[in-house]
1. Can you tell me which condition residue 309 does not meet? The list is (1) under 17 Å from the mean Cα position of the chain (by Cα); (2) under 24 Å from residue 209 (Cβ atoms); (3) open to solvent by 20 Å² or more (accessible area, probe 1.4 Å); (4) among the polar types (S, T, N, Q), and all the others hold.
2. Pairs under 8 Å by beta carbon, first residue over 21 Å from residue 255 (Cβ atoms) in the stretch 202-220, partner open to solvent by less than 70 Å² (accessible area, probe 1.4 Å) and aromatic (Phe, Trp, Tyr), six or more apart or different chains?
3. Among (1) within 20 Å of the chain's Cα centre (by Cα); (2) at pLDDT 80 or above; (3) farther than 22 Å from residue 16 by Cβ; (4) surrounded by 17 or more Cβ atoms within 10 Å (Cβ to Cβ), where does residue 389 come up short?
4. I'd like the residue in the stretch 136-156 that is among the charged types (D, E, K, R) and either free of Cβ contacts under 8 Å to residues at least 12 places away in the same chain or in contact with a Cys (Cβ under 7 Å, 6 or more places away or on another chain) (or both) and, out of all such residues, is least open to solvent (accessible area, probe 1.4 Å).
5. Regarding residue 93, is this residue surrounded by 15 or more Cβ atoms within 10 Å (Cβ to Cβ), of a type in the set (A, V, I, L, M) and more than 30 Å from residue 193 (Cβ to Cβ)?
6. Is it true that residue 81 is out of contact with any Cys (no Cβ under 9 Å at 6 or more places or on another chain), acidic (Asp, Glu), free of Cβ contacts under 8 Å to residues at least 60 places away in the same chain and part of a strand (DSSP E or B)?
7. I'm trying to understand the selection: among the residues of the stretch 312-321, which are open to solvent by less than 40 Å² (accessible area, probe 1.4 Å) and either touching a residue at least 60 places away in the same chain (Cβ under 8 Å) or over 18 Å from the mean Cα position of the chain (by Cα) (or both)?
8. Among the strands (runs of 3 or more DSSP E) lying completely within the stretch 3-62, list those that include at least 1 residues that are under 19 Å from residue 92 (Cα atoms) and open to solvent by less than 60 Å² (accessible area, probe 1.4 Å).
Amino acid sequence: MNVAQGWKGAPVLGGLTGPRSLSMDDRGHLLVLERGKGVTAHTLDENGCVVNSTVVIEDTSLNHGLDLAPSGDKLIASSADIAWSWNYDSASMDATNKTTLITGMNNPGHTTRTLWISRKDPNYLLVSVGSDGNIDGPSIREETGRAQIRVFDMRRIPSGGLAYSSSGEVMGYGLRNDVGIAEDRNGTIHSVENSLDNAYRTTDGDRKDIHTNNPAEKVYKLGDPTKPTGLFGGYPYCYTVWEGEDFDDTDMRPGDWFVQAPNSTINDDWCSENSANPTVLLPPHTAPLDMKFGAHENDTNLYVSLHGSWNRDPPQGYKVVVVPGNFSRWGEWSPSVNLSATKTSYEDLLTNRNEAECQSGCFRPRRVWGGVPASKRPGTTALEFHEYWYHYKIWDWDCYFQRHWLHFYANAWPTAGGVESKV
């Protein structure tokens, strides 16, 4: 595995059971959702080494979603169908008082449910539900509760929870499978989409396979969770161009909209008029599963984990990339270049030595997480601590061994005397 210049890495924890999500409590314990097992907690020593592990929640139905409230006393996790909360005690690493929040999310297509508690207003919970298959025609209707992200005011959730498709408010729909959710310094919510497999373009009755280099995966800016606008992302009709040369019937550039089989009603122009433009393009079939903004005050990048997909030969993805951007005066993030130019603006952070072999075995990033409580570095103040940005990541290690690892990455930040390693 290759690590970008200026970064160092070390293994932290192995032997995990299908790790899907990662968080850290206010005492610096790592919290990991292990699919088919539950939620585990791991104690680190002052050198960042795991010295003790325990099961916090034993529940084999938990399969992906995990978040910890900013207050540190409430843990939220989900199965394919239900999201629950627990009261959480970081001192004892105990979770109690299991409470149902959201129900009715199950569908046989995409089964992961990403959960995100707003950091700006922790009363609001965002929940993402993907499409029921590659092309889910009925999901064009908000009431299906698929291919969308909804937001719920947890102060208004009754005993027994709320049904997903008929409750809350829609942050965005027409989002095929937005697994990754991130919140910038302004409290604005962003999501990253896993787009279409097996794409084609039909022109004058001739169908051309364009799936190798289209459509792009993409990032959306969804807005303020306390004032959702119901953004429409285009799916299941509209997709975003990555490689314009694949289109024989019209000139296309990266970021343009296309439909697979244009007609007089649903066509490229309809998509341009009715769909919200994304902010960032990522390569096709790279399967982005998570993203986070830089935690250091001088780090304005967006970090995205690309899990990789079966639907491309040669394969691509299987890495973590850095998208350069900027925060506005009020903290809202935007990429540093226009949409079309984001096709080439990202840089690799973690890569496999030979991406072409990744359908037979390599590391596959899942979740990224930034920031470590200052309490884990005795003798430093919180302000001094922000000179250190710690980046944790979960992936499947080489599938020949079927092992799961948690690794640790740290950036080297510029100082007055040059670049100083913080590892």
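1. (3)
2. As it stands, the answer is 207/200; 209/200, since those pairs meet every condition given.
3. Residue 389 satisfies all of (1) within 20 Å of the chain's Cα centre (by Cα); (2) at pLDDT 80 or above; (3) farther than 22 Å from residue 16 by Cβ; (4) surrounded by 17 or more Cβ atoms within 10 Å (Cβ to Cβ) except (2).
4. Narrowing the stretch 136-156 to residues among the charged types (D, E, K, R): 136, 141-143, 146, 150, 153, 155-156.
With the extra rule that they be either free of Cβ contacts under 8 Å to residues at least 12 places away in the same chain or in contact with a Cys (Cβ under 7 Å, 6 or more places away or on another chain) (or both), the set shrinks to 141, 156.
Working: 141: 116, 156: 188 Å².
Going through the qualifying residues, I end up with 141.
5. On the way: surrounded by 15 or more Cβ atoms within 10 Å (Cβ to Cβ): yes; of a type in the set (A, V, I, L, M): yes; more than 30 Å from residue 193 (Cβ to Cβ): yes.
Against the criterion (surrounded by 15 or more Cβ atoms within 10 Å (Cβ to Cβ), of a type in the set (A, V, I, L, M) and more than 30 Å from residue 193 (Cβ to Cβ)), residue 93 qualifies.
6. Working: out of contact with any Cys (no Cβ under 9 Å at 6 or more places or on another chain): yes; acidic (Asp, Glu): yes; free of Cβ contacts under 8 Å to residues at least 60 places away in the same chain: yes; part of a strand (DSSP E or B): no.
Taking the combined requirement at face value, the residue does not satisfy it.
7. Our first condition is that a residue be open to solvent by less than 40 Å² (accessible area, probe 1.4 Å); within the stretch 312-321, this holds for 312, 315-321.
Across the stretch 312-321, the qualifying residues are 312, 315, 320.
8. On the way: elements: 7-14, 19-24, 30-34, 38-44, 50-58.
Strands (runs of 3 or more DSSP E) meeting the threshold: 19-24, 30-34, 38-44, 50-58.
The values are calculated or read from the model by the stated rules, or taken from the named source; none is laboratory data. The structure presented is a predicted model; accordingly, all values stated were derived computationally and were not measured. As a convention, Cβ positions derive from the backbone with ideal geometry for all residues, glycine included, and neighbour counts pool all protein chains shown. Keep in mind that these areas ignore ligands, DNA and RNA; they rest on the heavy atoms of the full protein, side chains included. Shrake-Rupley method; radii C 1.70, N 1.55, O 1.52, S 1.80 Å.
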